[in-house]
Amino acid sequence: TVNSDTPPIIEEEAIEWRPGRSLFVLDHVLSDGTAKGSLCSTGYRAMYRRNERTYYGFVTCGHGTAIGKSVYAISDDLSLSEGNRIGIILDRKYGDTVDASFVNIITTKYTNSNTVYYSSSKPEIATPGIILDGTQASIRKNTKIYKAGRTTYLTGGRVFQTSMSGYYNEIYFTDMIQADVAMTMSGDSGGVTYICDGTTSY
């Protein structure tokens, strides 16, 4: 099961859920059946440990989410069904140096991936892109960075500041990285950001 210390058994037809793809976090459903929630993007795959259990899934943004909310693999038409329910928000932190949620994959229909979904700034080009195969704890000014998200797809810029602080939605954040160009729009939140050194993508 997804709650064990081994990865879930994945069916042969399981869909690789890649960083950058569109997500919908359901908040509630109106009396007329209209779904209300937040569109965001898939971040990097992750494991989460709690109470001696290991959970498998991925990271997305913390704003626009809440613990226990259902997450759907969804397109812009916002059609929800159990068939495209990919997981739930298991944990969330929003403030200080973190704006992130952990999505626990709860179905064998989907498996998390480390291959970036978008390889271009054009929406029709959604072939698998860079494979993320490392982590980077620090980053230097002027480093080339990339972001994959559901709204602006693949974008790039350079690190302008490595220790940015300030308020966002009345919440104070510290130790953030700022790019020299706008790399995101609404819906890109949570999407993976990465660097390449020629041989490895972090």
Listed residues 142, 51, 84, most fluctuating in the chain (Gaussian network, C-alpha, under 10 Å): 51
Unsatisfied cross-links (Cα-Cα over 32 Å) in the set 109/141; 93/144; 109/147; 36/122; 36/93: 109/141
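Can you figure out the FRET efficiency of residue 141 with residue 47, using R₀ = 22 Å and their beta-carbon distance, to the nearest 0.05? Don't skip to the end; give the middle numbers.
On the way: r = 31 Å, r/R0 = 1.42.
E(calc), rounded to 0.05, equals 0.10.
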Accessible-area order (highest first, 1.4 angstrom probe) of the listed residues 167, 202: 167, 202
Gain upon complete extension [residue 158, residue 195; 0.36 nm per residue less C-alpha separation]: 12.3 nm
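Can you tally the net charge around residue 184? Count Lys and Arg as +1, Asp and Glu as -1, for every other residue whose Cβ sits under 11 Å from the Cβ of residue 184.
Here the count lands on +1.
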Karplus-derived HN-Hα couplings along segment 188-197 (A = 6.51, B = -1.76, C = 1.60, θ = phi - 60°), whole Hz, x at Gly and Pro: 7, 3, x, x, 6, 10, 8, 10, 10, 10
Full-stretch length increase - residue 27, residue 177 - with 0.36 nm per residue and alpha-carbon distance subtracted: 51.1 nm
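The values are calculated or read from the model by the stated rules, or taken from the named source; none is laboratory data. Note that this is a predicted model, so its numbers are computed, not measured. Glycine gets a Cβ as well: all are built from the backbone with ideal geometry, and neighbour counts include every protein chain shown. These area figures cover heavy atoms from the full protein model, side chains too; ligands, DNA and RNA do not enter into them. Shrake-Rupley method; radii C 1.70, N 1.55, O 1.52, S 1.80 Å.
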